[in-house]
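Undergrad: One structure is given below, represented as structure tokens, and several questions about it will come after.
Readers should treat all values here as calculations from the given coordinates under stated rules, not as data from a laboratory. The structure presented is a predicted model; accordingly, all values stated were derived computationally and were not measured. Neighbour counts run over all protein chains shown; Cβ positions are idealised from the backbone, glycine included.
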Amino acid sequence: MAVDLIPTLTFNGEARPPLPLVHNADHLYSVVLFPDLFPLQPGFPDETTPWLTLDGSYMNIVFYQLGDCENGVNINAGNSLAALFNGPFIAAGTSYGFTHSPYAQADWHMSPIPLPAALPLFATGLAAIAWLRRKVA
């Protein structure tokens with residue numbers, strides 16, 4: 001799944017502010033910021049889109065607040081950085097406890113996105129049109 005916004009975030013049990021800037025961790029660290037320090041590992045794509053799986057088995061994402069690349073969260077599992085550091089990990093900036101810890105897939109949870117109220121209303125309208133068409137014919 002491609003990600004472009006983290007609207008709400010709970011980190012270590014505490015609600016955190018939205019993190020609007022989302023990047024592919026491999027691309028940001030291994031290509032843009034620190035290519036000599038964190039070289040892109042062989043066999044991993046130079047992709048700009050941040051990707052993750054719904055079950056949390058693959059995480060290639062870094063998200064942070066505007067103007068502060070160091071104050072966010074970086075989750076790496078199955079990507080080039082995880083391979084470089086010999087396993088999946090989470091790195092968090094100062095507002096998130098300034099931690100670097102192993103990533104546990106079991107700790108990853110995504111909340112369902114609520115269905116907008118307009119969608120059921122739209123479906124009801126379509127059903128009404130279909131019913132009227134059938135009645136006229």
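Undergrad: Can you give the relative contact order of the chain as a percent, counting alpha carbon pairs under 8 Å and 6+ residues apart? Present the calculation step by step, with values, prior to reporting the outcome.
TA: Values: 230 pairs, mean separation 24.1, N = 137.
Over the chain, the number comes to 18 percent.
Undergrad: Counting other beta carbons within 10 Å of each Cβ, put M59, M110 in order, fewest first.
TA: Working: M59 26, M110 10.
Neighbour counts put them in this order, fewest first: M110, M59.
Undergrad: Here is a further query. Based on the Cβ-Cβ distance from T124 to T94, what FRET efficiency comes out when R0 is 41 Å, to the nearest 0.05?
TA: 0.25
Undergrad: At what distance in angstrom do the alpha carbon centres of the range 1-45 and the range 76-102 lie from each other?
TA: Cα centroid to Cα centroid, the span is 10 Å.
Undergrad: Going toward the positive end of the dipole of the chain, with +1 on Lys and Arg Cβ and -1 on Asp and Glu Cβ, which of V73, L40, F98 do you reach last?
TA: The residue sitting most towards the positive pole is V73.
Undergrad: Over the chain, what number does the Rg to Rh ratio reach, with both radii from the alpha-carbon atoms and Rh per Kirkwood? Intermediate results must be reported in sequence, preceding the final value.
TA: On the way: Rg = 20.2 Å, Rh = 17.0 Å.
Rg/Rh: 1.19.
Undergrad: Quick check on the chain: helices-only [θ] at 222 nm, where DSSP H runs of length 4 and up contribute -39,500 (n - 2.57) each and the sum goes over total residues. Nearest 500, please. The partial results should precede the final answer.
TA: Working: 2 runs with 24 residues, N = 137.
Taken over the chain, the calculation gives -5500 deg cm²/dmol.
Undergrad: Among 128-134, 3-9, what's the highest-first ranking by average C-beta atoms within 10 angstrom per residue? Working shown, then result.
TA: Numbers: 128-134: 9.6, 3-9: 12.6.
Packing order, densest peptide first, comes out as 3-9, 128-134.
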